[in-house]
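A short worksheet on the structure shown next.
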Amino acid sequence: MSGININRAKLLAFVLSGLGAGISGMILSSNLYSGHALFGEVYVLQSIAVVAVGGTAMTGGAGGMLNTLVGALIMSVIKNGMTVIGIDVYAQQTILGILIVIAVAITFDRSKLIVIK
């Protein structure tokens, strides 16, 4: 209704997302001197955690690039701190999962929750 071509905006969003994924894959492959389809799998949990800690609601709603940047800074400090302390890698993944659950619980909009009585 505002005159924006929805199909073009969707296409541009997918093209930019694919371009970013391709560039990230090339950078990761050049660092590891090889390539595999599952190399970036460990970054999925971290990216979700960064967005959740940044305050973006997982159920939809307003978020922002600055909030995600702050979330990335917070997560990098937490992850580096856990590495310096000597926490096991698997325990770090568990702690990141717990952090995601806490961040989603904080940003969850309870007014939209449907309660059946």
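The values are calculated or read from the model by the stated rules, or taken from the named source; none is laboratory data. Source: prediction; values computed, not measured. In this analysis, Cβ positions are derived from the backbone assuming ideal geometry, glycine residues included, and neighbour counts consider all displayed protein chains. Protein only, heavy atoms only, side chains kept; ligands, DNA and RNA dropped before computing areas. Shrake-Rupley method; radii C 1.70, N 1.55, O 1.52, S 1.80 Å.
Out of region 1-58, which residues are over 25 Å from residue 79 (Cβ atoms), open to solvent by 80 Å² or more (accessible area, probe 1.4 Å) and part of a helix (DSSP H, G or I)?
If the condition is that a residue be over 25 Å from residue 79 (Cβ atoms), open to solvent by 80 Å² or more (accessible area, probe 1.4 Å) and part of a helix (DSSP H, G or I), then 6, 7, 8, 10, 11, 12, 14, 15, 16, 19 are the ones that fit.
Return the pair list, or none, for Cβ contacts closer than 8 Å from residues in region 9-32 that are at negative phi to residues that are part of a helix (DSSP H, G or I) and open to solvent by less than 70 Å² (accessible area, probe 1.4 Å), at least 6 apart or on different chains.
24/40; 25/40; 28/40
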